[in-house]
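Here is the structure we will look at, set down as structure tokens.
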Amino acid sequence: KEEINHYRNLNNISVVGRHIPEPAKTFDDFNVDQDIIDNLRKCGYEEPTPIQKQAVPLMLQGRQILGCAPTGSGKTAAFLVPIIQALQGPRRDGFRAIILCPTRELAKQTQRECLKLSEGRDFRYGAKSSKKFGKDMLKMKHAAINILVYTRNMISDILITTPNRICFLLKQDPPAISLSNIQWLVIDEADKLFETGSRGFWDQLSEILNACDGESRKIAMFSATYTPAVAKWCVHNMKGLVRVTVGQRNS
Ligand code: ADP
Ligand code: MG
């Protein structure tokens, strides 16, 4: 116990919650499949960053977390590694993980990192760009083919995109995506997503959450800064929440 606390202090990690696993000191301590560790090393990473040390073991246990760590501290891999480990490989079950990003650019960046860390596993990423999707949809309507049939047959595992896009797909009649098999919903850069001030993102998030109606849906929220409003949302919506903060609380 003493030693674990000392190690957390050394890494500037603070935690709030029950039964929190020991932080990993090395990638091997993650206890994930060897190819994921090899992929991390191929990226040039030598050891986990503090947020990765604590967030990865938690998410591997299926714990819902709010992770706050400064920009550039490796939050992306902190949630990608446990998701890749959990999903294992491609399946025809539709999306099993969603990563919400504030912009398309960040979504593309996150997808690039996911491709690297899951190299060799062949995951599919959805979905088509809105424009292309819209065009296909028109064609489908002309052909009188149900859109759901079309998207259900799309092999897809991980959806990395903006809330706007998911809400657009959900609003189609019938909905153009099913989120019933979602195991992990990650809200990345939460401070930026909630920043808008308007009710915008809060409403979108509850729409998305409602659509993720599977039994094993878990949420992980990541943010560069600790925001009381975000923390409050997490307390209300994430059972057994664990908070992990790296560095200064309000830096
Ligand atoms: P954040 O989301 O916290 O702002 P990123 O996930 O974008 O940070 O990572 C910032 C940079 O650190 C990226 O270039 C990424 O490739 C790199 N990085 C991530 N994990 C590690 C690691 N364990 N060791 C070294 N560099 C890492
Ligand atoms: Mg980030």
**Asked** Taking the stated definitions as given, is LEU117 closer than 21 Å to LEU193 by Cα and either modelled with pLDDT under 95 or within 15 Å of ligand 2 (Cβ to nearest atom) (or both)?
**Response** no
**Asked** Pairs, please: C-beta under 9 Å, at least 6 apart or cross-chain, first residue of a type in the set (Ser, Thr, Tyr) and in region 97-125, second open to solvent by 40 Å² or more (accessible area, probe 1.4 Å)?
**Response** THR103/LYS192; SER118/ASP35; TYR125/GLN111; TYR125/LEU115
**Item:** Residue list for region 169-207, filter: touching a strand residue (DSSP E or B) at 6+ places or on another chain (Cβ under 9 Å) and among the acidic types (Asp, Glu)
**Value:** ASP188, GLU189, ASP191
**Request:** Select, from ALA211, ALA220, ALA190, the only residue that is of a type outside the set (Lys, Arg) and in contact with a Ser or Thr (Cβ under 6 Å, 6 or more places away or on another chain).
**Result:** ALA190
**Fill in**
Expected single match for within 16 Å of ligand 2 (Cβ to nearest atom) and free of Cβ contacts under 8 Å to residues at least 60 places away in the same chain among THR227, THR245 is THR227
**Fill in**
Residue count, region 179-201, condition over 17 Å from the mean Cα position of the chain (by Cα), away from ligand 1 (no atom under 16 Å from the Cβ) and either open to solvent by 40 Å² or more (accessible area, probe 1.4 Å) or under 26 Å from ALA86 (Cα atoms) (or both), comes to 4
**Asked** In region 42-60, what count of residues is obtained for those that are more than 14 Å from LYS75 (Cα to Cα) and more than 10 Å from ligand 1 (Cβ to nearest atom)?
**Response** 2
**Message:** Looking at region 32-76 only, could you name the residues that are basic (Lys, Arg) and touching a Leu at 6+ places or on another chain (Cβ under 6 Å)?
**Reply:** none
**Message:** Between a residue in region 32-45 that is away from ligand 2 (no atom under 16 Å from the Cβ) and any residue that is part of a loop (DSSP other than H, G, I, E, B), which pairs come within a Cβ distance under 6 Å, given they are 6 or more apart or on different chains?
**Reply:** ASP35/GLY120; ILE37/PHE27; ASN39/GLU119; LEU40/PHE27
**Message:** When you scan region 86-108, do you find a residue that is of a type in the set (Gly, Ala, Ser), part of a helix (DSSP H, G or I), open to solvent by 20 Å² or more (accessible area, probe 1.4 Å) and over 21 Å from THR162 (Cβ atoms), even just one?
**Reply:** yes
**Request:** Within region 202-219, work out how many residues are under 12 Å from ILE98 (Cα atoms) and open to solvent by 10 Å² or more (accessible area, probe 1.4 Å).
**Result:** 4
**Request:** Please state which one of ILE4, ILE37, ILE51, ILE13 is over 16 Å from the mean Cα position of the chain (by Cα), within 22 Å of PRO228 (Cα to Cα) and open to solvent by less than 60 Å² (accessible area, probe 1.4 Å).
**Result:** ILE13
**Request:** Have a look at VAL56, VAL32 and point out the one that is open to solvent by less than 30 Å² (accessible area, probe 1.4 Å), outside any helix (DSSP H, G or I), at pLDDT 95 or above and among the β-branched types (Val, Ile, Thr).
**Result:** VAL32
**Message:** Take the conditions out of contact with any strand residue (DSSP E or B) (no Cβ under 8 Å at 6 or more places or on another chain) and farther than 29 Å from SER73 by Cα and apply them to ASN210. Does it pass?
**Reply:** yes
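The values are calculated or read from the model by the stated rules, or taken from the named source; none is laboratory data. Just so it is clear, the model here is predicted, and its values are computed rather than measured. Positions of Cβ are backbone-derived with ideal geometry, glycine not excepted, and every protein chain shown enters the neighbour counts. Remember, those area values only see protein heavy atoms, side chains included, never the ligands or the DNA or RNA. Shrake-Rupley method; radii C 1.70, N 1.55, O 1.52, S 1.80 Å.
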